[in-house]
Amino acid sequence: MGKIQLRNVRKSFGDVHVIPGLDLDIEDGEFVVFVGPSGCGKSTLLRLIAGLEDTTSGTIEIDGKDATHLPPAKRGLAMVFQSYALYPHMTVRKNIAFPLKMAGMDKAEQDRRVERAASVLNLASYLDRRPGQLSGGQRQRVAIGRAIVREPQAFLFDEPLSNLDAALRVGMRQEISELHQSLKTTMIYVTHDQVEAMTMADKIVVLNAGNIEQVGSPLELYRNPKNTFVAGFIGSPK
Ligand code: ADP
Ligand code: MG
């Protein structure tokens, strides 16, 4: 289902080679975190996987099929945006159902999926409110709900918690991890926060100037960082 393979993927913007050439395997059901300093290409890599940017060269396979030239809507992936991307004039129910409505899904099936997502995310009693009547954490859950209803093969998160205050961030981190445990769907999560990476990931991909420095479990990277760049990022003693 949610297996993703990148082979020799390159991305340039004009003369700027943001991703010089990258191979990566993401297994079905894995929670993969892309970590690295600002400007190292995390968002670009996620957008390439989502299909929001075209690769300059190389191939992307999703679920064993070549997806390199598929439009975003045909990739079976759902990007979770920060909560400010919600529609303020729509109720929570309408915000969550929006992608299904756009896809022309039958109303009864829309309702069924919205109710189920709301129950998973503890939003059932908030469905008739508007985003302005919710807390920051609840709004972020609505943004996640909008991805869940599409029943994607993988969720793509780009620093989804960076707008929230520190206390809320800790709680949401836990909630996203629990969501992963219950859905068992592949998740790719971009952050520059090493604590998020260490606590949430099955596998961490450490990026530096568009190259992968090292890939491994949090424990592997902590115990055996390949170089001082990785060690510096992971916070281990090397
Ligand atoms: P990160 O998410 O790790 O902070 P990005 O993927 O956003 O990094 O950006 C990586 C590099 O690519 C940066 O130098 C950025 O300026 C450049 N970049 C990203 N998008 C574009 C674009 N549309 N046009 C030109 N340069 C871009
Ligand atoms: Mg970014």
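The values are calculated or read from the model by the stated rules, or taken from the named source; none is laboratory data. Quantities reported herein were computed from a predicted structural model and do not represent experimental measurements. Backbone-built Cβ (ideal geometry, glycine too); neighbour counts: all protein chains shown.
Observations, loosely collected:
- Residue check, Asn122 within 16 Å of ligand 2 (Cβ to nearest atom), out of contact with any Cys (no Cβ under 8 Å at 6 or more places or on another chain), among the polar types (S, T, N, Q) and at pLDDT below 95: no
- Residue check for Val149: of a type in the set (Val, Ile, Thr) and closer than 26 Å to Pro72 by Cα: yes
- Of the residues making up the range 173-196, just one is surrounded by fewer than 20 Cβ atoms within 10 Å (Cβ to Cβ), of a type in the set (A, V, I, L, M) and either in contact with a Lys or Arg (Cβ under 6 Å, 6 or more places away or on another chain) or more than 24 Å from Lys3 (Cα to Cα) (or both), namely Val195.
- Exactly one residue among Leu161, Leu168 is within 16 Å of ligand 2 (Cβ to nearest atom) and modelled with pLDDT under 95, and that residue is Leu161.
- Check on Ser217, surrounded by fewer than 20 Cβ atoms within 10 Å (Cβ to Cβ), away from ligand 2 (no atom under 16 Å from the Cβ), modelled with pLDDT of 95 or more and polar (S, T, N, Q): yes
- Residue in the range 63-79 that is under 24 Å from Gln214 (Cβ atoms), modelled with pLDDT of 95 or more and among the polar types (S, T, N, Q) present: no
- Thr44 being touching a strand residue (DSSP E or B) at 6+ places or on another chain (Cβ under 7 Å), assigned to a helix (DSSP H, G or I) and not aliphatic (A, V, I, L, M): yes
- Condition check for Gly29: closer than 22 Å to Glu175 by Cβ, at pLDDT 95 or above, away from ligand 2 (no atom under 16 Å from the Cβ) and within 14 Å of the chain's Cα centre (by Cα): yes
- Residue match in the range 53-60 (condition: within 13 Å of Val9 (Cα to Cα), in contact with a strand residue (DSSP E or B) (Cβ under 7 Å, 6 or more places away or on another chain) and in a helix (DSSP H, G or I)): no
- Here Leu6, Leu22 are screened, and the one residue that is within 18 Å of the chain's Cα centre (by Cα) and not acidic (Asp, Glu) is Leu6.
- Any chance Arg169 is in a helix (DSSP H, G or I) and either within 16 Å of ligand 1 (Cβ to nearest atom) or within 14 Å of the chain's Cα centre (by Cα) (or both): no
- Just one residue in the set Lys94, Lys11 is modelled with pLDDT of 95 or more, of a type in the set (Lys, Arg) and surrounded by fewer than 19 Cβ atoms within 10 Å (Cβ to Cβ); that residue is Lys94.
- Within the range 103-137, the residues that satisfy the criterion of being farther than 26 Å from His180 by Cβ and exposed (fewer than 14 other Cβ atoms within 10 Å of the Cβ) are Gly104, Asp106, Lys107, Ala108, Asp128, Gly132, Gln133.
- Applying the set (1) within 12 Å of ligand 1 (Cβ to nearest atom); (2) surrounded by 21 or more Cβ atoms within 10 Å (Cβ to Cβ) to Val80 leaves exactly one unmet item: (1).
- Test: residue in the range 97-113 that is assigned to a loop (DSSP other than H, G, I, E, B), out of contact with any Phe, Trp or Tyr (no Cβ under 8 Å at 6 or more places or on another chain) and on the phi > 0 side of the Ramachandran plot: yes
- Selection over the range 11-46 of residues that are touching a helix residue (DSSP H, G or I) at 6+ places or on another chain (Cβ under 9 Å), within 11 Å of ligand 1 (Cβ to nearest atom) and under 19 Å from Asp158 (Cα atoms) gives a count of 7.
- Residues in the range 190-212 that are at pLDDT 95 or above and under 15 Å from Ser38 (Cα atoms): Val190, Val205, Val206, Leu207, Asn208, Ala209, Gly210, Asn211, Ile212.
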